[in-house]
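Q: Take this structure first; my questions come after.
Where a number appears in this text, it was derived from the coordinates with a stated rule and is not lab data. For clarity, every value in this text was computed on a predicted model and none was experimentally measured. All Cβ positions, glycine included, derive from the backbone under ideal geometry; neighbour counts span all protein chains shown.
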Amino acid sequence: MGGISIWQLLIIVVIVVLLFGTKKLSSLGSDLGASIKGFKKAMGDDEPKNTSTQDADFTAKSLSDKQSDVKEDEAKSNDKEQV
């Protein structure tokens, strides 16, 4: 009165194979395996690879560099206005 016996499992397997066919079941199994593999890879990619304390990859600019960048941006916007 408890679990499923081996004979009941075999009957279920035969019915599933008859309904879907072996090609469809094998492609379903390979697709399921590929999706699990991709999920594991994505979960592994979340771990930080760089243990440095710097948050972002950038170079520090001096005040004069920042001012020259602003001047270049203003010159570009003036060029666009003249067109």
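Q: Per 0.36 nm of contour for each residue apart, how much would the distance between Val14 and Ser30 grow if the chain were fully extended, relative to their Cα-Cα spacing?
A: 3.8 nm
Q: Near Val16, within a Cβ-to-Cβ distance under 15 Å, what is the net charge of the other residues, with Lys and Arg +1 and Asp and Glu -1?
A: Computed value for this residue: +2.
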